[in-house]
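To keep things clear, I will list the structure first and then write my remarks on it.
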Amino acid sequence: MLNRIFFACVFLGLFCSGSALSCRWMEHKFRQYSGNALDLLDMMANNITNSTEDEENTVAFPDHLYSQASKASAEGKLSFAVHILQEVSALFEEDQNSSSWQEVTVENFLNVVNKQADELHSCIKGHSHMKKRNTKLHLYFKRLSNEILAKMGHSADAWELIRREVKDCLMKADHLVSSLLPPN
């Protein structure tokens, strides 16, 4: 009888160690980092963008991809969130000379987003979900770069539109990952 209990405990321990839910960073630090990223984006807020221009220059988030990700396994959800974070980081590496943001705030934002991506990625390392990037999600961020930033000359208005879109994306990533965490 003791042998069966021992093997059950070993099996449970091995199963949990391979699960995304056993990731200590995700359980203890994710909410803090996610909140910090959103706070930093709020600090960058700039209200000079014209609202009619907003409607003309938006690129719709591929909500069907988010729907699919929300129904995916824990690893699939984390993979989607990591991909969003990586794409956000790449987008914010573009020329921001015309933005009104303080450089230190942008650097802090990028540090937080990159830390989130790295730590969440480490929670799913070895799983096949990270081998294939989501092409449609990548194209969404490419359109943000081409249809907003490039067309608007990387202006402060363009960066404000990007900031708003990115905030929505980070909130979606936060929701996916938070769905895997125990309630506070």
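Quick note: the coordinates plus some simple rules give every number you see, no bench work behind them. These numbers come from a predicted model, not from an experiment. So basically every Cβ, Gly included, is an ideal-geometry build from the backbone, and we count neighbours across all protein chains shown.
Remarks
- Note: segment 73-184, Cα convex hull, 103 Å³ per residue.
- The mean sequence distance of close C-alpha pairs (under 8 Å, at least 6 residues apart), as a share of the length of segment 23-178, puts its relative contact order at 43 percent.
- Each label point was placed 7 Å from the Cα along the Cα-to-Cβ direction; for Asp95 and Ala45 their separation is 2.9 nm.
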